[in-house]
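Contents: one structure, followed by commentary.
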Amino acid sequence: MRYGNWISGLALSAGLWASVPAMAKDVLLFNRIGPTKSQLYVANADGSGEHRLIAADGFDYAARFSDDGQWITFTSERGGRGQSDIYRARADGSALERLTDDPAVDDQAAMSPDNRYVAFMSDRGSHRANIWVLDLQTRQLRDLTGAAPLQGDPGKPDGFYRPSWSPDGQWIAFSSDRNTEWKSHDKGSAWEHLQELSVYIVHPDGTGLRRLSGEGVTTGSPKWSADGKQIIAYQGDVELSWLSRVDQLSMKATSQIVAIDVATGQAKELTSGPGVKLNPQFLPDGRFAYSTKSAQVTGIMYSDGAKPFPANLREPSWSRDGRQVVYERIDNLPLAQNTPFYSWNDKFEYRYTDVFPMFARDGTLALSNKDVDTSLVVMKADGSDKRLVFQSTTHCAAGKNASGQCGDMIGVALTPSWFPDSKKLVFSFGGYWRTRDQNVANVKMINRDGTGVKDLTSTTSNTGFASVSPDGKQMVYRSWVKGDEGLRIMDLATRKVRMLTNDWDNVPGWSPAASGPGAGRIVFTRKQKDGNFDIFTIKSDGTGLLRVTSFPASDAHAVWSWDGSKILWSSSEYGFKDEGALYDNSFQPYGQVWSMNPDGSGKEMLTDSRWEDSLPAFVPPAANKSTKKTTI
């Protein structure tokens with residue numbers, strides 16, 4: 001991976017910003033969607049005797065018993081939030097051992113029947129999810145699915161997930177979206193990607209690749225029967241990969257547990273009825289077990305009935321004798337502003353932020369407080385002195401997660417943008433995203449102390465995502481009015497509006513640069529005719545349209561660095577890191593933070609986690625100065 005050192009040069013171009021000494025490290029803020037706590041528990045199969053696997057705190061998940069029941073492998077982020085490695089421990093929690101140590105995503109481990117090898121998913125080297133094999137005796141690593149005969153079209157989804165060893169150790173089953181298409185849900189009307197998965201088997205030396213499940217569905221999390229003749233998996237319509245990963249939509253999703261004949265590939269449904277069914281496993285005496293999910297409420301089901309388990313468990317895995325089960329218990333309580341993340345470049349400090357962060361020239365940070373109620377707030381860069389500027393009027397759909405966010409949020413305050421005097425802001429207020437066709441929204445102006453709120457655009461249509469020009473005289477925003485879609489520029493003195501674009505364009509941002517290639521340009525996201533989303537820039541006079549991303553997967557949510565020398569955005573280029581249906585309330589779990597030059601050159605990925613990372617902002621020197629003053 002290339003992690004550039006361009007940020008150290010940002011202070012050299014700070015003509016519009018206060019001149020202050022550089023801090024030891026530059027700070028990158030970004031938002032992450034994923035659980036904020038995850039701990040492993042072991043219980044008897046009937047739910048009794050629950051206890052922590054590891055007494056010491058850690059961010060642990062994706063646990064699995066070895067075939068002999070002596071070991072449990074799992075993924076841990078003990079090295080830093082977002083940086084995942086493979087560990088193992090004895091079934092009683094002793095002999096904790098780290099098996100991998102790499103900045104890449106290592107996850108979804110499974111031990112071979114003789115306990116010599118560990119197969120796991122890793123995106124090391126290529127940034128794409130592949131199955132790797134670790135020899136525990138020699139500590140040698142091998143990329144099983146990275147070889148040319150197994151790889152699919154690099155321009156399409158090409159991930160390999162959830163390895164499972166056959167009982168004789170001669171085969172590894174896995175799920176993969178190789179050679180499928182980049183499609184979005186709801187018949188291509190949205191921008192979040194679907195994931196069409198199939199089950200494959202391959203010999204541990206990479207030969208004999210066979211596809212066992214059919215096209216047009218998503219089939220995942222394969223596990224072998226004791227005799228090696230069948231594979232159990234979950235299966236559903238491809239839309240399952242979208243509905244299941246969004247809390248308020250998962251209640252509408254359905255999947256079934258299927259048994260696949262390894263010799264013929266024929267599948268037989270073992271369950272029926274509505275509801276999401278995941279993580280299946282064969283048990284002794286012809287029984288099987290699986291997990292259920294509806295919003296944040298989960299459970300464990302057996303083919304002979306349900307058992308009492310906690311509601312917030314994920315990814316159960318049973319011992320081969322069916323007597324014990326290991327699972328993770330998660331929490332989604334919000335992180336504190338500036339919670340440290342793992343930094344993939346030691347020149348930077350990565351930290352958590354709530355959504356749509358935007359810095360004023362004096363270093364004050366404004367953002368949408370989605371972790372509470374999506375109101376507009378301001379604070380110092382270190383998160384202190386937080387003040388409410390504009391109160392949202394959100395209300396929540398039925399089935400809302402008690403510890404999470406509202407589902408259908410109508411009255412949200414989004415995308416603040418500062419005037420150059422750091423005294424006023426514009427922001428978007430109303431119903432956006434899936435509610436935009438049914439709700440009004442507009443752009444408002446407000447003083448930083450919450451006084452003087454004024455409507456800048458109509459309160460009877462749907463406009464928003466405004467950005468103020470560097471001189472404070474104009475703003476660009478998007479219009480979502482049938483027959484009048486696209487980007488508009490308003491003269492703030494006269495309120496006269498002119499058309500900038502008339503395409504499916506959104507989330508514009510005016511470059512703060514006074515000179516250089518980004519000066520005078522506006523960055524935005526455009527939906528192409530093929531349904532793909534890409535980043536464009538354009539001059540404020542409507543000339544010089546430039547497409548700066550072109551990968552078949554979606555690129556969006558672009559913003560400028562504080563000096564306008566870089567564009568930061570979220571890209572899905574390297575695809576999913578896990579089966580989409582297994583995520584919780586994650587709209588784009590494949591999204592990672594990238595940067596590029598204003599002309600589209602110099603692209604580099606800045607984050608590499610299994611979670612959804614987006615909405616970045618580098619902390620400017622003026623904010624560093626403000627933060628430093630508060631710590632004296």
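Any residue that is on the phi < 0 side of the Ramachandran plot, part of a loop (DSSP other than H, G, I, E, B) and touching a Ser or Thr at 6+ places or on another chain (Cβ under 8 Å) - is there at least one of those in the range 314-324?
Let us first name the residues in the range 314-324 that are on the phi < 0 side of the Ramachandran plot, namely 314, 316-321, 323-324.
The next check asks that each one be part of a loop (DSSP other than H, G, I, E, B); those that pass are 319-321, 323.
If we keep only those that are touching a Ser or Thr at 6+ places or on another chain (Cβ under 8 Å) too, we end up with none.
Looking for residues that are on the phi < 0 side of the Ramachandran plot, part of a loop (DSSP other than H, G, I, E, B) and touching a Ser or Thr at 6+ places or on another chain (Cβ under 8 Å), one finds none in the range 314-324, hence no.
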Next item on the list: Kindly check whether there is at least one residue in the range 241-250 that is more than 22 Å from the chain's Cα centre (by Cα) and buried (at least 21 other Cβ atoms within 10 Å of the Cβ).
Entry: no
Notebook entry, point to check: Which of the residues that make up the range 165-199 are open to solvent by 10 Å² or more (accessible area, probe 1.4 Å) and assigned to a strand (DSSP E or B)?
Noted result: Trp165, Ser184
Notebook entry, point to check: So, of the residues in the range 204-216 that are in a loop (DSSP other than H, G, I, E, B) and open to solvent by 50 Å² or more (accessible area, probe 1.4 Å), which turns out to be modelled with the lowest pLDDT?
Noted result: Glu215
Margin query: Can you confirm whether Trp569 is within 18 Å of Thr353 (Cα to Cα) and in a loop (DSSP other than H, G, I, E, B)?
Written below: no
Next item on the list: Evaluate the range 217-231: report whether one residue or more is under 28 Å from the mean Cα position of the chain (by Cα), open to solvent by 20 Å² or more (accessible area, probe 1.4 Å) and modelled with pLDDT of 95 or more.
Entry: yes
Notebook entry, point to check: Can Thr100 be described as under 29 Å from the mean Cα position of the chain (by Cα) and either at positive phi or outside any loop (DSSP other than H, G, I, E, B) (or both)?
Noted result: no
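Would you be able to tell me the number of residues in the range 529-549 that are assigned to a loop (DSSP other than H, G, I, E, B), modelled with pLDDT of 95 or more and open to solvent by 50 Å² or more (accessible area, probe 1.4 Å)?
Start the filter on the range 529-549 by keeping residues that are assigned to a loop (DSSP other than H, G, I, E, B), which leaves 529-532, 540-545, 548-549.
Okay, now just the ones that are also modelled with pLDDT of 95 or more, so 540-545, 548-549.
Retained after the next criterion (residues that are open to solvent by 50 Å² or more (accessible area, probe 1.4 Å)): 541, 543, 545.
Within the range 529-549, residues that are assigned to a loop (DSSP other than H, G, I, E, B), modelled with pLDDT of 95 or more and open to solvent by 50 Å² or more (accessible area, probe 1.4 Å) number 3.
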Checklist line | Failed item, numbered, when Ser586 is tested on (1) surrounded by 24 or more Cβ atoms within 10 Å (Cβ to Cβ); (2) at negative phi; (3) part of a loop (DSSP other than H, G, I, E, B); (4) not aliphatic (A, V, I, L, M) | finding: (1)
Next item on the list: Among the numbered conditions (1) open to solvent by less than 20 Å² (accessible area, probe 1.4 Å); (2) part of a strand (DSSP E or B); (3) out of contact with any Leu (no Cβ under 6 Å at 6 or more places or on another chain); (4) not aromatic (Phe, Trp, Tyr), tell me where Arg142 comes up short.
Entry: (1)
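Filter the range 345-357 down to residues that are among the hydrophobic types (A, V, I, L, M, F, W, C) and surrounded by fewer than 22 Cβ atoms within 10 Å (Cβ to Cβ) and give me whichever is farthest from Thr36 (Cα to Cα).
Applying the filter and picking the extreme gives Phe348.
The values are calculated or read from the model by the stated rules, or taken from the named source; none is laboratory data. Quantities reported herein were computed from a predicted structural model and do not represent experimental measurements. Neighbour counts run over all protein chains shown; Cβ positions are idealised from the backbone, glycine included. When the accessible area is computed, the model is the full protein with side chains, heavy atoms only, and any ligands, DNA or RNA have been set aside. Shrake-Rupley method; radii C 1.70, N 1.55, O 1.52, S 1.80 Å.
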